[in-house]
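Contents: one structure, followed by commentary.
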Amino acid sequence: MLSDKSFPVIEATLPLVGSRIGEITPKFYARLFAAHPELLDGLFSRSNQGNGNQQQALAGSIAAFASHLVSNPGTLPETVLSRIAHRHASLGITEPQYQVVYEHLFAAIADDLALVITPEIAEAWTEVYWLMADALIKLEKGLYAAQANGKMWTPWKVAAKTPAGTGSITFTLEPADDTPITAALPGQYVSVKVTVADGLRQVRQYSLSGDAGTSRSFTTKLDDGGEVSPVLHNSVEVGDIIEISNPYGEITLKEGDGPVVLASAGIGCTPTASILRSLAESGSDRQVLVLHAESTLDSWALRSQMTDDVARLDGADLQLWLEEPQAGSNAGFMSLREVDLPANASLYLCGPLPFMKNIRNEAINAGIPATKIHYEVFGPDIWLAS
């Protein structure tokens with residue numbers, strides 16, 4: 001809860017700080033990496049730094065958190081915090097690193113707002129930061145404690161490397177040692193760490209795309225804009241050992257017997273395919289509507305898996321959108337306006353941010369409550385604040 005002393009200060013300065021934080025965060029990262037270049041080795045993504053995604057993510061999370069404290073006194077944005085905590089845990093973020101971030105972030109704020117910042121403003125925003133940090137630290141400790149082992153990274157052997165649609169490959173991994181395995185829930189992801197050409201280690205999260213068991217299966221697209229997928233596609237072979245994290249992610253299939261709508265676009269089908277597989281494996285009698293959008297039929301990475309699983313479920317139906325339509329598909333981009341959505345359905349979303357924002361808005365307009373819309377975001381989650 002934001003203190004009575006800080007509340008009016010944050011309320012008054014939120015528009016200013018919110019408007020400037022996009023400029024503050026690049027200065028923060030420049031300071032951070034100058035002082036701690038080791039953070040770029042196996043923790044922070046260089047590609048996200050280069051394209052600005054990391055700056056947007058930090059800016060969006062801090063501004064959204066402060067805005068929530070002002071708009072909803074006495075509460076915390078639990079959904080956003082949970083999503084961030086799972087992402088942090090998948091990277092191995094530790095409690096002392098929050099102090100490091102605080103030191104360099106607030107030095108950047110003081111520099112950017114030097115003409116207007118006062119001790120009262122600095123104190124109030126410090127309170128906001130530590131309210132958010134302390135909440136995340138608590139959540140992350142719980143996530144670490146729930147794992148079957150106390151390790152951040154464990155070795156796994158590549159058992160299979162299978163083409164999966166145009167430009168995508170499915171990697172199947174088996175344990176490479178006797179480390180206890182945490183059971184993955186449908187829809188969760190793992191972080192994968194590889195060494196890139198210049199010797200630096202880089203990390204990326206990938207949704208687990210199949211029935212987990214004692215193996216791990218994830219599907220990657222070569223041209224995803226990062227540094228990890230090209231290494232996996234071009235350098236990692238069957239029999240090689242790679243390091244992955246324990247499974248994380250809070251967007252998992254909720255218990256119940258109500259209808260389920262799984263909507264995805266492109267490689268975003270990986271978590272929804274995992275949820276669909278779990279429904280098929282359990283012989284679920286829930287009504288399931290699978291909605292997927294692709295550029296071409298050949299681009300659909302998990303086409304066989306998903307169509308097979310739909311066929312296994314008596315209550316499942318599939319609708320497909322293709323930019324280059326074929327018989328049986330819809331033309332163009334996905335829209336819910338012509339879809340007969342089941343009453344009382346839970347919607348699970350994954351895909352590019354513009355796609356998810358559009359489908360979420362259409363779902364709400366169609367009567368699906370926001371509380372029943374679940375989505376996985378691999379990138380800045382700034383649109384939630386709108």
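Residue by residue, here is whether (1) open to solvent by 30 Å² or more (accessible area, probe 1.4 Å); (2) not β-branched (V, I, T) holds:
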residue	(1), (2)
E140	no, yes
Y144	yes, yes
W153	yes, yes
P163	yes, yes
T166	yes, no
T170	no, no
P175	yes, yes
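Could you tell me which numbered condition T126 fails, if it satisfies all but one of (1) part of a helix (DSSP H, G or I); (2) surrounded by fewer than 19 Cβ atoms within 10 Å (Cβ to Cβ); (3) in contact (Cβ under 8 Å) with a residue 60 or more places away in the chain; (4) β-branched (V, I, T)?
(3)
Could you tell me whether any residue of region 239-246 is part of a helix (DSSP H, G or I) and touching a residue at least 12 places away in the same chain (Cβ under 8 Å)? Before you say what the answer is, go through the steps one by one.
The initial filter retains those residues of region 239-246 that are part of a helix (DSSP H, G or I), namely none.
Within region 239-246, not a single residue is part of a helix (DSSP H, G or I) and touching a residue at least 12 places away in the same chain (Cβ under 8 Å).
Show the residue pairs that are 6+ apart or on different chains and have beta-carbon atoms under 6 Å apart, the first residue being within region 130-151 and at negative phi, the second being among the acidic types (D, E) and open to solvent by 70 Å² or more (accessible area, probe 1.4 Å).
Short answer, once both residue conditions are applied: I137/E95.
Restricting to region 185-209, and then to whatever is open to solvent by 20 Å² or more (accessible area, probe 1.4 Å) and touching a residue at least 60 places away in the same chain (Cβ under 8 Å), can you tell me which residue is farthest from S264 (Cα to Cα)? Break it down into steps so the answer makes sense when it comes.
Let us first name the residues in region 185-209 that are open to solvent by 20 Å² or more (accessible area, probe 1.4 Å), namely 185-186, 193, 195, 197-201, 204-205.
Pick out the ones that are also touching a residue at least 60 places away in the same chain (Cβ under 8 Å) and you get 185-186, 193, 200-201, 204-205.
Numbers: L185: 18, P186: 15, K193: 26, L200: 33, R201: 30, R204: 20, Q205: 17 Å.
Out of the qualifying residues, it is L200.
Just one of the numbered conditions (1) outside any helix (DSSP H, G or I); (2) acidic (D, E); (3) surrounded by 14 or more Cβ atoms within 10 Å (Cβ to Cβ) is not true of D4; which one?
For D4, the failing item is (3).
Among the numbered conditions (1) crowded, with 20+ Cβ neighbours inside 10 Å; (2) modelled with pLDDT of 95 or more; (3) of a type outside the set (F, W, Y); (4) more than 15 Å from the chain's Cα centre (by Cα), tell me where L253 comes up short.
If we test L253 against (1) crowded, with 20+ Cβ neighbours inside 10 Å; (2) modelled with pLDDT of 95 or more; (3) of a type outside the set (F, W, Y); (4) more than 15 Å from the chain's Cα centre (by Cα), just (2) comes out false.
Conditions: (1) assigned to a loop (DSSP other than H, G, I, E, B); (2) closer than 24 Å to E23 by Cα. A148 meets all but one. Number of the miss?
Checking A148 against (1) assigned to a loop (DSSP other than H, G, I, E, B); (2) closer than 24 Å to E23 by Cα, the one that fails is (2).
Determine whether region 46-61 contains at least one residue that is surrounded by 19 or more Cβ atoms within 10 Å (Cβ to Cβ), among the basic types (K, R) and at negative phi.
No.
Of all the residues that make up region 211-229, how many are open to solvent by less than 40 Å² (accessible area, probe 1.4 Å) and not hydroxyl-bearing (S, T, Y)? Can you show your working first?
Of all residues in region 211-229, those open to solvent by less than 40 Å² (accessible area, probe 1.4 Å) come to 212, 215-220, 226, 228-229.
Retained after the next criterion (residues that are not hydroxyl-bearing (S, T, Y)): 212, 216, 218, 226, 228.
Total satisfying the criteria: 5.
The values are calculated or read from the model by the stated rules, or taken from the named source; none is laboratory data. The structure displayed is predicted, hence computed values, not measured ones. Positions of Cβ are backbone-derived with ideal geometry, glycine not excepted, and every protein chain shown enters the neighbour counts. To get the accessible areas, we keep the full protein, side chains included, count just its heavy atoms, and leave off ligands, DNA and RNA. Shrake-Rupley method; radii C 1.70, N 1.55, O 1.52, S 1.80 Å.
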